[in-house]
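Only one structure is covered here, and it is reproduced in the block below.
The values are calculated or read from the model by the stated rules, or taken from the named source; none is laboratory data. What you see is a predicted model, and the numbers here were worked out from it, not measured in a lab. With ideal geometry, Cβ positions are generated from the backbone for all residues, glycine too; neighbour counts draw on all protein chains shown. These area figures cover heavy atoms from the full protein model, side chains too; ligands, DNA and RNA do not enter into them. Shrake-Rupley method; radii C 1.70, N 1.55, O 1.52, S 1.80 Å.
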There are 2 protein chains.
Amino acid sequence: MQEKELISIIKSSLSSEYIGDDCAYLKELGIVITQDSLVEDIHFKREYITPFQLGYKSVMVNLSDIASSGAKPAYLTVSLSLPKDINKNFVEEFYKGCKSALKNGEQIVGGDITGSDKIYISICAIGKTAERNISSRKNARIGYKVIVSGNHGSSAAGLKLLQQNKKNDNFTIPHLMPEAQIEFGSKIAQQIKEPYAMMDTSDGLMDALATIAKESGVCLEVDFDKIPHDKNIEKFENWQDLVLFGGEDYQLLACVPCDYNGGIHIGTVKDGSGVDLNINNKLFHYTYTDVVKKEFNHFK
Amino acid sequence: MQEKELISIIKSSLSSEYIGDDCAYLKELGIVITQDSLVEDIHFKREYITPFQLGYKSVMVNLSDIASSGAKPAYLTVSLSLPKDINKNFVEEFYKGCKSALKNGEQIVGGDITGSDKIYISICAIGKTAERNISSRKNARIGYKVIVSGNHGSSAAGLKLLQQNKKNDNFTIPHLMPEAQIEFGSKIAQQIKEPYAMMDTSDGLMDALATIAKESGVCLEVDFDKIPHDKNIEKFENWQDLVLFGGEDYQLLACVPCDYNGGIHIGTVKDGSGVDLNINNKLFHYTYTDVVKKEFNHFK
């Protein structure tokens, strides 16, 4: 089964109003909450990533979800399942990595540890809403501008290099040690008074564009040339696919009123559905389904 | 490595004041939080447990942690990692089971779903402190009485039966579908004004007794004859071991002022350390280490 199919089963099983954004917004408690897991050989391989980097990345992935809500990251719990061959040094390095990702006073307050066949990490993070304006994927409005926080494609390019046993810190570090865009999200949530949409690009920029378009019932039009990327990525085969569809950059994508001053402007919210992509002086339309199926290279 | 050894590495790596109880108590937010994981072939086997029961138990295990703090369970996130051979029906039944464990208005508000080799479930639960008196394992005081919420040993006996391909609902149901003792915990947290100690007996009654004794710097003296158990458990080989050391009953153990009216009185808090067990008219002393090593049958 596809992840999206499973999520729709879960949504209908639970019929919860909360499920849909990166975080659930628990208004009565003044918090947002998220939980994300990393599974060995699905999300990472021990050959590529050090225990320190793994701890760092596991925490950042969850801080990124909090950042995408606009809330202030505050507390985390860490659940770790470990095979018998893992030694004490691994555990120490992993937690050092976790701790070093906590750069703004966030605290790990609990969790558990169990045995398993493979390494399995599940982290729950809580952010304080702190009277901020919390995002929703449903809030992209016609006329808003589309902005992102930074480079796309670097993480996917880094993964390609690691799979080929190559190393180039410009790409492998963004993959192994991504940075949650906490400031980008905080500034928006503190300055914008109107409803706005924001999510992280953990599953790729196109996925985030198509998801916000679908949830908000609008079309997002984007200029490929405006999407920030490392110039050296252009040496990779099908580099535009990496920029558009590559996952795990953990940047933020937001649809905000035009008078907001910040982020890198890559497009506009308009009437319609799906994503309109301007590339090589042509306009390509992607439906949500096109994006889910990762219909690469439409524009070639 | 032993789980307890790992936890001490984590504690020293994180130097967090929060780690130690079943839940972390986040005073500024008025909540407690806990996260517990269940891993296939470590905590359960697909042969023994239905998907519905697995969802039910996974939620109850986490509600039990909240109950042990005295807080009111409120919100959960569910992270599920599934092998490819799992079908849609499994997922639907699992979430039905989760939902049916939510008997007091608790809500599942998020989580994620990923691929994996085996089934991994990690659940995070939040409880509202709601001006209640939250427990701590450090709060058992000399002269307090030791009380429990219900039967011990049934779950471990049930597991034995399942492993032998036998079935007896009196034991297998407590193992497959334990009940978090929410009312027991709530009543204590609402009625008692003094500090008190409470934890669940997920790792066995003796483990809970020894842990509270260690954390509070006291000795817990317990009369074996007063420990509630299903009379039919006495037909099992070494049944006293099941009652004392068997895990997963998810009952609550509390050390409370003597004027508290409730629970089943099994012993007293006194000066000293470890656990003093009265059994067959003899007094056996267990250090914390004895209990961790599960030194069975000392009293034979």
In units of 2.2 N^0.38 Å, the Cα radius of gyration of the protein assembly as shown is 1.03
Unpartnered Cys in chain A, judged by a 4.7 Å Cβ-Cβ cut-off, are A:Cys23, A:Cys98, A:Cys219, A:Cys255, A:Cys258
The correct ranking of A:Tyr25, B:Tyr260 by accessible area at 1.4 Å, largest first, is A:Tyr25, B:Tyr260
Ordering B:8-14, A:200-206, B:139-145 by per-residue average of other C-beta atoms within 10 angstrom, highest first, gives A:200-206, B:139-145, B:8-14
Rounded to a whole number, the mean other protein chain Cβ count within 10 angstrom for residues of A:16-24 is 4
Quick calc, A:Asn280 & B:Thr50: beta-carbon distance into FRET formula, R0 60 Å, rounding 0.05, result 0.65
Log10 I(q)/I(0) at q = 0.11, 0.12, 0.16, 0.24 Å⁻¹ for the stretch A:41-156, from Debye over equal alpha-carbon scatterers, is -0.45, -0.53, -0.85, -1.41
With one decimal in nm and the nearest listed first, the spacings from A:Ile173 to its own position in the other copies, using label points 7 Å along Cα-to-Cβ, are 6.0
In this structure, the FRET efficiency calculated for A:Ile264 and A:Lys88 from their beta-carbon separation, with R0 = 45 Å, to the nearest 0.05, is 0.55
Using the Cα gyration tensor of the stretch A:137-292, the equivalent ellipsoid's semi-axes, largest first and to the nearest Å, work out to 26, 18, 12
Counting every C-alpha pair in the stretch B:245-291, the percent lying more than 17 Å apart is 51
Mean other chain Cβ within 10 Å across B:100-111 is 5
For the stretch B:156-300 the mean separation of alpha carbon contacts under 8 Å (6+ apart) over residue count, i.e. relative contact order in percent, is 31
at B:Gly115 the sorted inter-copy label distances (label 7 Å from Cα on Cβ side), in nanometres, are 2.7
Note: probe point = Cα of B:Ala130 + 7 Å toward Cβ; backbone nitrogen < 19 Å; residues of the stretch B:84-108 passing the test are B:100-108
Note on chain B: contact order normalised by length, alpha-carbon pairs under 8 Å, 6 or more apart, percent, works out to 21
In chain A, helical segments from DSSP H whose Cα atoms cover 27 Å or more along their own axis and that average at least 0.0 on the Kyte-Doolittle scale are A:51-69
Dividing the alpha-carbon radius of gyration of chain A by 2.2 N^0.38 Å, where N counts its residues, gives 0.98
Output row, site A:Asn104, 7 Å Cα→C-beta label point, backbone N cut-off 20 Å, window the stretch A:25-52, residues A:25-27, A:29-36
Counting only protein heavy atoms and leaving out ligands, DNA and RNA, the solvent-accessible surface of B:Glu248 at a 1.4 Å probe, in Å² to the nearest 10, equals 40
Percent relative contact order for the stretch A:3-128, counting Cα pairs under 8 Å at least six residues apart, stands at 36
Quick calc, B:Glu5 & B:Lys231: beta-carbon distance into FRET formula, R0 41 Å, rounding 0.05, result 0.60
The stretch B:123-153 and the stretch B:4-59 have their Cα centres apart by a whole-number Å value of 16
Between B:Glu17 and B:Lys193, the two model label points (7 Å from Cα along the beta-carbon direction) sit apart by a distance in nm of 2.5
In whole percent, the Cα-Cα distances of the stretch B:207-300 spread across 5 Å bins from 0 upward as 2, 12, 23, 27, 21, 9, 3, 0
Output row for B:Asn281: copy-to-copy label distances, label 7 Å along Cα→C-beta, ascending, in nanometres, one decimal, is 10.4
Expected integer from the mean partner chain Cβ neighbour count at 10 Å over B:176-185 is 0
